[in-house]
Amino acid sequence: MNRYLKKQIVILAVFLLIVSVLGTGVYFLTHKKNTASCTDGIQNQGESGIDCGTPCGNFCEETRDPIEILYQNFIPTIENNFDLVAEIKNPNSVWGAKAINYTFYLYDGSGENIASKQGSIYILPQETKYIVEPKIYSDVTPKTVELKIGNVLWQRLTGFRDMTLKIKEKNIQTGLDAANRIYGVIENDTNYNLNKVELTGVVFGANNEITAAGKTEMTTLMIGEDRYFEIDWPYAISSQVFTYDIRAYVNVFADDAFITVPGGVPKN
């Protein structure tokens, strides 16, 4: 083999080696794992929902169980108006939902949709809560109701375990000629000054069916403070009241959920 041919072979081998190295580098660059930080706790910056490695592994789709629907019903109120109520549960221990989009559908006896109502709600990890949509109009009496869960904006939430608000001195008043209401006193037994508290109340009749559902809210509930509240209905509640339930909720996902003390330091 002459010197010229040897030189050509050496040049070809070096060229093939360079092409191989460059090809390997391009492969790893285009197939590397997504390492977005997920620092805001939301999978919103191209973070991988498949890669369960670090650090985005805490935000993988597989780690979240779906929202459960425990109960759904409609309540006839005044003429051609209906209150809608449902109970949902978040089975996840560290995942909360900053927003759950939902739609109530009312159907007549033939299965035709006669009315609907969209809304959005939040829920904390392992929380069970009521959804109440009042005064939905329909000139056709519904036969069934269906709640459908749409998009859910998940967010990892590892704090705020001590967010239980005590309901004290609760009572109920019903009657055809009297005010129909449930009322009581809420105590802020948490370690936070709260900007807004939402209260939902339901009344159960025969067969554990909800016969009335309503909601109200209050603002500026400070640590250790007691505050009177009431939830009223402009219609008579069935005299067969077996029990009732009142729950208080705080949207810890909201930027203004908590009141800061002078100096801007949260009181917690």
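May I ask you to verify whether T103 is under 20 Å from N80 (Cα atoms), outside the structural domain of E198 (by TED's automatic domain parsing) and in contact with a Lys or Arg (Cβ under 7 Å, 6 or more places away or on another chain)? When the stated conditions are applied, T103 passes them.
Annotation: of all residues in region 218-255 being of a type in the set (S, T, N, Q) and not in a strand (DSSP E or B), the one that is nearest to L124 (Cα to Cα) is N251.
Selection of region 96-130 for residues being surrounded by 15 or more Cβ atoms within 10 Å (Cβ to Cβ) and not in a strand (DSSP E or B) yields D108, L124, P125, E127. Just to be sure before I move on: is E198 surrounded by fewer than 19 Cβ atoms within 10 Å (Cβ to Cβ), of a type in the set (D, E, K, R) and closer than 15 Å to I246 by Cα in the structure I sent? Yes. Go through G150, G184, G119 for me and flag whichever is free of Cβ contacts under 8 Å to residues at least 40 places away in the same chain and touching a strand residue (DSSP E or B) at 6+ places or on another chain (Cβ under 9 Å). After ruling out the rest, the residue left standing is G119. Just give me the residues in region 71-95 being over 26 Å from F253 (Cβ atoms), loosely packed, with under 15 Cβ neighbours inside 10 Å and in contact with an Asp or Glu (Cβ under 9 Å, 6 or more places away or on another chain), in sequence order. The answer is P76, N80. Residues in region 149-167 that are surrounded by fewer than 13 Cβ atoms within 10 Å (Cβ to Cβ) and at pLDDT 95 or above: 2 in all. Filtering region 128-152 to residues that are farther than 12 Å from Y102 by Cα and within 12 Å of the chain's Cα centre (by Cα) leaves T128, K129, Y130. Give region 191-220 a look and list any residue that's within 17 Å of A254 (Cα to Cα) and without any contact (Cβ under 8 Å) to a residue 40 or more places away in the chain, or say none. Correct list: E217, M218, T219, T220. Scanning region 65-90 for residues that are closer than 23 Å to N113 by Cβ, among the charged types (D, E, K, R) and outside any strand (DSSP E or B) gives a single hit, E79. Just one of (1) closer than 22 Å to Y71 by Cβ; (2) assigned to a loop (DSSP other than H, G, I, E, B); (3) not aliphatic (A, V, I, L, M) trips up S93, so point out which. The one condition S93 does not meet is (1). In the set (1) touching a residue at least 12 places away in the same chain (Cβ under 8 Å); (2) farther than 19 Å from R247 by Cα, the condition left unmet by E112 is number (1).
The values are calculated or read from the model by the stated rules, or taken from the named source; none is laboratory data. No experiment lies behind these values; they were computed from the predicted model shown. For neighbour counting, all protein chains shown are included, and Cβ atoms are generated from backbone atoms with ideal geometry for every residue, glycine included.
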